[in-house]
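Data first, discussion second: the structure below is written as structure tokens.
Just so it is clear, none of the values below were taken in a lab; they were calculated from the coordinates. Just so it is clear, the structure is predicted and the values come from calculations on it, not from any experiment. Here Cβ is always computed from backbone atoms with ideal geometry, including for glycine, and neighbour counts include all displayed protein chains.
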Ligand code: 4NP
């Protein structure tokens, strides 16, 4: 799960997908990272931690990481939150096999809105991510 800062959107996606996968007894490795490195080592944004907690998910122990090329080898699927993330991640891909792993988290070319500058966006962004995460887990477990 990849976004820009790895403190707002992708930590939510990571925590939710990990939780849903564990509930479904799926032994998946789930992680998140940012295309930017400003927040490396930091916990998620307080607003993401709070909205996740309000819906029963604990993302407080996750720490921000910087997306790097080794992650193409470590993961089967790389889900990015918006088209800028898509461009930045694809720049680091070395071949078609790596490029094929990368896609937008949402369907229909839709971006997950960056909530960083608007407190009011955290709840709808959470709901969008959770709704899609449920479908994604169903989709990927069927593969
Ligand atoms: P995220 O949100 O990409 O969903 O983690 C952002 C967090 C921090 C910044 C930008 C977006 N920033 O510029 O520091």
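Report the antiparallel proportion of the DSSP beta bridges in the chain as a percent, rounded to a multiple of 5.
Here the share of antiparallel DSSP bridges comes out near 10 percent.
Under a crude label model (7 Å from the Cα following the beta-carbon direction), how far is residue 117 from residue 58 in nanometres?
3.5
Using R₀ = 22 Å, calculate the FRET efficiency as 1/(1 + (r/R₀)^6) where r is the Cβ-Cβ separation of residue 96 and residue 75; round to 0.05.
0.85
Return the calculated 222 nm mean residue ellipticity for the chain, to the nearest 500 deg cm²/dmol, obtained by summing -39500 (n - 2.57) across DSSP H runs with n ≥ 4 and dividing by the residue count.
Helix-only estimate at 222 nm: -13000 deg cm²/dmol.
Over the chain, what number does the Rg to Rh ratio reach, with both radii from the alpha-carbon atoms and Rh per Kirkwood?
0.93
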